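Below: one structure, written as structure tokens.
The values are calculated or read from the model by the stated rules, or taken from the named source; none is laboratory data. Computed from a predicted model, the values in this text were never measured in an experiment. Heads up, the Cβs are rebuilt from the backbone with ideal geometry, glycines too, and the neighbour counts pull from every protein chain shown.
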Amino acid sequence: MTMRPYGNPHLDAMLERVEHELSRPGKPRAASLQDSRMFLMRLLAEFMHAPFGMDVADAGVRETLFVLRRRLEQAQTAEELRSLVGEVRRLTTAFSTIAQNRAMAERIAELEAKVDSLAQPQDPGTGNSDDNLVTVEKLKEKRVLFAVMPFHEDFSDVWVGGIQRAATGTGLTPIRIDMISKSSAITDDIVSVIDLAEIVVVDVTRNNPNVMFEFGFALARRKPHVVISQSAEFLTFDIKDIRTVLYRNCWKGIEDLHKELQRFIRGTVGEKKKKKAKR
């Protein structure tokens, strides 16, 4: 039977039973020694063909496996086999770690591809079409998440990988004030978009004055909101008691932020539905 030789709880239990059998007091039966040897030999053969993220053609890996195989063939006592069981268990742990690291690298590459696709600029041929302009009037037809944050490029991953993904993944349209086609004074646009928004996400990192100005409007309009920040030091005394998600501006931090925001959005939307149902 083919068995994945790493990250397999069933295999770990089998190795433990073999080790226990070889540790019993008294002289073990020859059949028991032979069964243990054959089990370990089959396991090493699986290692030679398993896609665990390391090339077994590598000289060091192959040499390790061949040395273990030769020692198994020559082992005559329970003590020698028990020692080899311990080495095989350590080998499965090492390969499991390699496999996990490979899975993490693939996940990061997948996230990078998603963020790159979201960040692709519009086709210049359609960029000036009226259908692509964001206006307050058009937002009235949508469920809006309004993001209040600095527009600096340092926050592009926060916007694309964290806030945009959280919004679109929960059926909301993510909007920043710099996306609005100005048809009136910017202050009027800010008020209008906040009035339309179901949820407001506010990034207070660096205490940007424009961010605090827009946040003030959201508070005045009593909009459901969540504050996000890269450090607690940016939480001034008047907002330190507001629900806050602290995040790191790195791949894992952005992924964690995305999950936290989705959780908040789903909870907030769920509460609104409950209140409407009671009316």
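Residue-wise test of (1) among the aromatic types (F, W, Y); (2) under 18 Å from K142 (Cα atoms); (3) modelled with pLDDT of 90 or more.
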| residue | (1), (2), (3) |
| --- | --- |
| L172 | no, yes, yes |
| E214 | no, no, yes |
| R221 | no, no, yes |
| S229 | no, no, yes |
| D238 | no, no, no |
Counting only residues in segment 244-269 that are under 12 Å from I199 (Cβ atoms) and either touching a strand residue (DSSP E or B) at 6+ places or on another chain (Cβ under 8 Å) or not charged (D, E, K, R) (or both), the one surrounded by the fewest Cβ atoms within 10 Å (Cβ to Cβ) is identified as G267
With respect to the numbered conditions (1) crowded, with 19+ Cβ neighbours inside 10 Å; (2) in a helix (DSSP H, G or I); (3) within 22 Å of the chain's Cα centre (by Cα), which one is the sole condition not fulfilled by I190? (3)
Looking at segment 138-179, which of its residues are of a type in the set (A, V, I, L, M, F, W, C), closer than 16 Å to I190 by Cβ and not in a loop (DSSP other than H, G, I, E, B)? L139, V144, L145, F146, A147, V148, I175, I177, M179
From the option list S156, S181, single residue qualifying as surrounded by 12 or more Cβ atoms within 10 Å (Cβ to Cβ) and over 31 Å from the mean Cα position of the chain (by Cα) is S181
Of the residues in segment 34-69, those that are outside any helix (DSSP H, G or I) and either of a type in the set (D, E, K, R) or modelled with pLDDT of 75 or more (or both) come to D55, D58
Filtering segment 196-252 down to residues that are charged (D, E, K, R) and in a helix (DSSP H, G or I) yields R206, E214, E233, K252
